[in-house]
1. What size of dipole, in debye to the nearest 20, comes out for the range 13-90 about its Cα centre when the only charges are +1 on Lys and Arg C-beta atoms and -1 on Asp and Glu C-beta atoms?
2. Among His40, His63, His15, which one moves the most in a GNM of the chain with springs linking Cα atoms closer than 10 Å?
3. Run the numbers on the range 13-90 and let me know its relative contact order in percent, using alpha-carbon pairs under 8 Å that are six or more apart.
4. Can you list residues from other chains, or at least 5 along the same chain, whose modelled amide H is less than 5 Å from the amide H of His60?
5. If you build the Cα gyration tensor of the range 13-90 and take the root of 5 times each eigenvalue, what three semi-axes come out, in whole angstrom, biggest first?
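What follows is calculated from the coordinates using simple rules that are stated; it is not laboratory data. In this text, all values refer to a predicted model and were calculated from it rather than measured experimentally. Cβ sites come from the backbone with ideal geometry, for glycine too, and all protein chains shown count toward neighbours.
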Amino acid sequence: MSNTNLSLESAKDWHVVGLIVQGNPEKFAAIRTALLAIEHTEIPTFDEKFGKMVVVMQSHDQHILLDNMESVKDIDGVINVSLVYHEQDEQKK
């Protein structure tokens, strides 16, 4: 079982992705709330008028990160999710 509470300092690998999420502007607040409920997720910038936001997600486990990314598509009001950035940081011991 994986530990989802690892920090960058204690994880062997750390993954960071950048997403562009477009949603229905009328459901923007609910989409934003749902995204921020996902662990290690930030929204550094957004345009509520057009329903677009930049989303940054992080995880020590690529499978957890993929599940989190896939779950974004299931949020009510989300129209499109585009992966625009991925970085894997491997900690050297």
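1. Details: 5 positive and 14 negative charges, 103 e Å.
Charge dipole, the range 13-90, about its Cα centre: 500 debye, nearest 20.
2. Highest fluctuation among the options: His63.
3. Numbers: 142 pairs, mean separation 39.7, N = 78.
After rounding, I find 51 percent.
4. Sorted by chain and number, the residues that satisfy this are His15.
5. Values: eigenvalues 96, 27, 19 Å².
Working from the Cα gyration tensor, I get semi-axes of 22, 12, 10 Å.
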